[in-house]
Every structure is written in C-alpha cells, then in structure tokens.
1. If you check every pair at least six apart or on different chains, which have Cβ atoms under 9 Å apart with a residue in segment 111-131 that is more than 19 Å from residue 14 (Cα to Cα) first and a residue that is modelled with pLDDT under 95 and exposed (fewer than 10 other Cβ atoms within 10 Å of the Cβ) second?
2. Filter segment 79-100 for residues that are within 16 Å of the chain's Cα centre (by Cα) and of a type in the set (Gly, Ala, Ser); which is farthest from residue 19 (Cα to Cα)?
3. Considering each residue of segment 43-70, count those that are in contact with a Leu (Cβ under 9 Å, 6 or more places away or on another chain) and either within 20 Å of residue 81 (Cβ to Cβ) or hydroxyl-bearing (Ser, Thr, Tyr) (or both), and give that number.
4. Is at least one residue of segment 36-48 surrounded by 10 or more Cβ atoms within 10 Å (Cβ to Cβ) and more than 22 Å from residue 118 (Cα to Cα)?
5. Anything in segment 14-29 that is in a helix (DSSP H, G or I) and not hydroxyl-bearing (Ser, Thr, Tyr)? List them, or say none.
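The values are calculated or read from the model by the stated rules, or taken from the named source; none is laboratory data. Quick caveat: nothing in here was measured; it's all calculated off a predicted structure. As a convention, Cβ positions derive from the backbone with ideal geometry for all residues, glycine included, and neighbour counts pool all protein chains shown.
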Amino acid sequence: GTLQGRPVVQVYDVKNKTSEYIDTREITTSIKTQLMKSGAARFASDDNQMQNQVDQLKLQNQSGLYKKNTVAKIGSMIAAKYRLEGSISSIVKRSSDYKDVFYKFSLQLIDVESGLAEWMDEKEIRKTTER
C-alpha cells in the first residue's frame, strides 16, 4: 500500500460545502478515531491543537516552574509526512413529490513534501424525503 510503517499524518477538518449545517468536526474526529484504532497511522497536532502544544512547551521551558531534566524539549515534535483533507458536498433535486439530496464525501491523502496526492476516495450517500 501507500503507507509504509505507521506514518505521521496531520488531519485537517472536513470542509462543509453544502448549504446545510453539518458537524464536520465530529466527522473529522470519527476519521481520526478509526485510523487510530486500525493502527495505520500516527497523528501530528492539528491546527486547533498546535497553539495548545506551543503554549505548553513555553510554559515548561520558560516559566522556571519545572525541573530542567523533566521538561519537553523544544524542537522535538515530529512533523507530518502526509496531510489528510476532505469535503462533503451536496446536490439537491426536487420534484412535486420528493426531495432527493445526494451527498458526496471525498478524502485525499497528500504527501507534504512533494505535494502529490497519494490516495483519494469518495462515497456518495442519497437521502430522499417525500413532501
């Protein structure tokens, strides 16, 4: 397969390209959880976690509150080899009797160094409601 060993992946929040509210943070968390359970990858801090990570490193290294031999070393974080990004979009078809919504969920894995897409997949989901 594409992934050799257990590469470090940075997962970006799934983008909502639909006209309705979808909790994409929950979708992103589910993706990370499934990948973590599978043992396929390890994860670098995402954009939301990165500031907390920086704050913690500064606190440990600059506050003088911690024993020097126990603080996390600055410059030791592992960079991501890949980034995983995705989106969900929709197409709505209406008639007098029903409303059909086709959702398309897409994911792609990109090599951070080369910028090349190493893997892509998509899934379509159809939701029909009668009027």
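1. Note: pairs meeting the criteria are 130/97; 131/95; 131/96; 131/97.
2. 79
3. Counting residues in segment 43-70 that are in contact with a Leu (Cβ under 9 Å, 6 or more places away or on another chain) and either within 20 Å of residue 81 (Cβ to Cβ) or hydroxyl-bearing (Ser, Thr, Tyr) (or both) gives 2.
4. Yes, segment 36-48 contains at least one residue that is surrounded by 10 or more Cβ atoms within 10 Å (Cβ to Cβ) and more than 22 Å from residue 118 (Cα to Cα).
5. Residues satisfying the conditions are 25, 26, 27.
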